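Trainee: I have a structure here, written as structure tokens, and I will follow up with some questions on it.
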Amino acid sequence: MSVRPGISAILVIILAACASVVPLQTHPGALTGAGDVAVTRARLLYGLRADGHLVRGERPGAISATLYIHQGSAEVTVLYDQSSYRIDLERTYGLDQAEGANGAVISSRYHDGIARFDSRVRRAEQRLILRPPPASGLLTAATYEEVEASVVRALETTRYRIETSEQGRIVASRRLGRQGELRLAVLYEPGRFRVELVESESAIIDPNDTSLVFVDSAVVQQMTQVQAAINAAGGEVREEANDAEAERRRHEESLAYADQRRAEADRDRMALARLPATAPNPVGGQTGQPAPAAAGFSVVQEPNGLGAARVEIIHQGASPLHRLAFRSYGSREWRANQLSRTMQPGDSYTVNGIQPGTYELRVETLRGYKEWRPLRLGAGGVYRLVITTQGWFAL
């Protein structure tokens, strides 16, 4: 859609006419809850900065500033005490300041701009925080390395740039839009941390007492967000550390089990070497073949292919037996104890209902154990195992 020439100029004239010329006012303002010159000053500076006005200079009880108001500007002096302030106008540009018949007049836009500034000053009562306390937290992380990893991960998540890092302290910064550069320090040790404010570009510091530091609540919110991020990262790092420890233990157990199996195989070979060159074979009762590594094990009844196997235990050892367990050959887990009572030396015991297969068998006293492998049990077979005083190992 085309616009005829001259329409833009007409709109400018109409808008200018809407900004009427009104009597100039001094704009005194009372501040509730201030009660201190430093607090009043901080609120005024907050109001000036909030709309991008220029602070030209300060002296005790007065701030020289340039207010940028729509299509113009005003140079003013803001006079203040512990509970109030007043704006004295010095000169304006583009705001139709003049001397009328009944006194000074000015564009209504000036008073609108002052009203906006006043609302910003009053908003500072809720937004400004004096000396923000550290944001502290507890972690399950048990070492400096784990806590440091939690802090670094949290700072990366919240888009902070790490500037310096040493054990127990990390300093990081981030730019927060109109708040400018924000710099935080995270102090930590195993199990705990705290987030402290180092510097904020938007902070208002009292010239007479540098310990009076006022910051926007957005800065405190950032400190709280970093605190929450560290707490969350701490849980993740601890969980990862637990997983790594569990994996390390599994690896060590696997190596130990492999060593145990090698030792057991060596014992089997030694036991086989001590047996006669020919002996009954538990697999089929044949002779003329090397005896298996299951000394004391013999076949009472050949397997007939029907039903389960049965093993008769004869205890000729020196100590009571408290446990007797099977496991499949090559397995890592022993099955449940087959003994319903303690076997005293001289006792016998029968284990019924054993499914055909190749097994390992282990018996234990209070101080030692003894194992047999491989035991090949056929369906319907009856076997005998004589436990002697030889071949025991300490628990």
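The values are calculated or read from the model by the stated rules, or taken from the named source; none is laboratory data. This is a predicted model, so every value here is computed, not measured. Note: ideal-geometry Cβ built from the backbone for every residue, glycine included; neighbour counts use all protein chains shown.
Trainee: Sort out which residues of segment 40-69 are within 21 Å of residue 218 (Cβ to Cβ) and either in contact (Cβ under 8 Å) with a residue 40 or more places away in the chain or among the hydroxyl-bearing types (Ser, Thr, Tyr) (or both), and write them in order of number. Explain how you work it out, then say what you get.
Mentor: The first filter runs over segment 40-69 and keeps only residues within 21 Å of residue 218 (Cβ to Cβ), leaving 41-53, 55.
The answer is 41, 42, 43, 44, 45, 46, 47, 48, 49, 50, 51, 53.
Trainee: Whether any residue in segment 176-190 is among the hydroxyl-bearing types (Ser, Thr, Tyr), within 30 Å of residue 49 (Cα to Cα) and in contact with a strand residue (DSSP E or B) (Cβ under 9 Å, 6 or more places away or on another chain) is what I want to check. First the steps, then the outcome.
Mentor: To start, the set of residues in segment 176-190 that are among the hydroxyl-bearing types (Ser, Thr, Tyr) comprises 188.
Now drop any that are not within 30 Å of residue 49 (Cα to Cα), which leaves none.
For segment 176-190, residues among the hydroxyl-bearing types (Ser, Thr, Tyr), within 30 Å of residue 49 (Cα to Cα) and in contact with a strand residue (DSSP E or B) (Cβ under 9 Å, 6 or more places away or on another chain): absent.
Trainee: Only one of 233, 185 is in a helix (DSSP H, G or I), under 13 Å from residue 151 (Cβ atoms), at pLDDT 90 or above and of a type in the set (A, V, I, L, M, F, W, C); which?
Mentor: Answer to the check: 233.
For every residue, the table says whether it meets (1) touching a strand residue (DSSP E or B) at 6+ places or on another chain (Cβ under 9 Å); (2) among the aliphatic types (A, V, I, L, M); (3) not in a loop (DSSP other than H, G, I, E, B).
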site	(1), (2), (3)
359	yes, no, yes
363	yes, yes, yes
372	yes, no, yes
375	yes, yes, yes
379	yes, yes, no
384	yes, no, yes
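Trainee: Give me the residue from segment 188-213 that is acidic (Asp, Glu) and more than 30 Å from residue 146 (Cα to Cα) and, out of that set, surrounded by the most Cβ atoms within 10 Å (Cβ to Cβ).
Mentor: My answer is 206.
Trainee: Here's another thing I want to ask about it. Criterion first (on the phi < 0 side of the Ramachandran plot, surrounded by fewer than 17 Cβ atoms within 10 Å (Cβ to Cβ) and in contact (Cβ under 8 Å) with a residue 60 or more places away in the chain) does residue 237 satisfy it?
Mentor: no
Trainee: Can you list residue pairs whose Cβ atoms sit under 6 Å apart, with the first residue in segment 164-181 being loosely packed, with under 12 Cβ neighbours inside 10 Å and the second being assigned to a helix (DSSP H, G or I)? Count only pairs 6 or more apart in sequence or on different chains.
Mentor: 167/144
Trainee: Just checking: which of the strands (runs of 3 or more DSSP E) contained wholly in segment 1-77 hold 3 or more residues that are at pLDDT 70 or above and not assigned by TED's automatic domain parsing to the domain that holds residue 215?
Mentor: In segment 1-77, the matching strands (runs of 3 or more DSSP E) lie at 54-59, 62-69.
Trainee: Next question. Of these, 86, 91, which one is assigned to a strand (DSSP E or B) and without any contact (Cβ under 8 Å) to a residue 40 or more places away in the chain?
Mentor: Of 86, 91, the one residue that is assigned to a strand (DSSP E or B) and without any contact (Cβ under 8 Å) to a residue 40 or more places away in the chain is 91.
Trainee: Pull up segment 118-171, narrow it to residues that are of a type in the set (Ser, Thr, Tyr), in a loop (DSSP other than H, G, I, E, B) and modelled with pLDDT of 90 or more, then point me to the one that is nearest to the chain's Cα centre (by Cα).
Mentor: Here the residue is 158.
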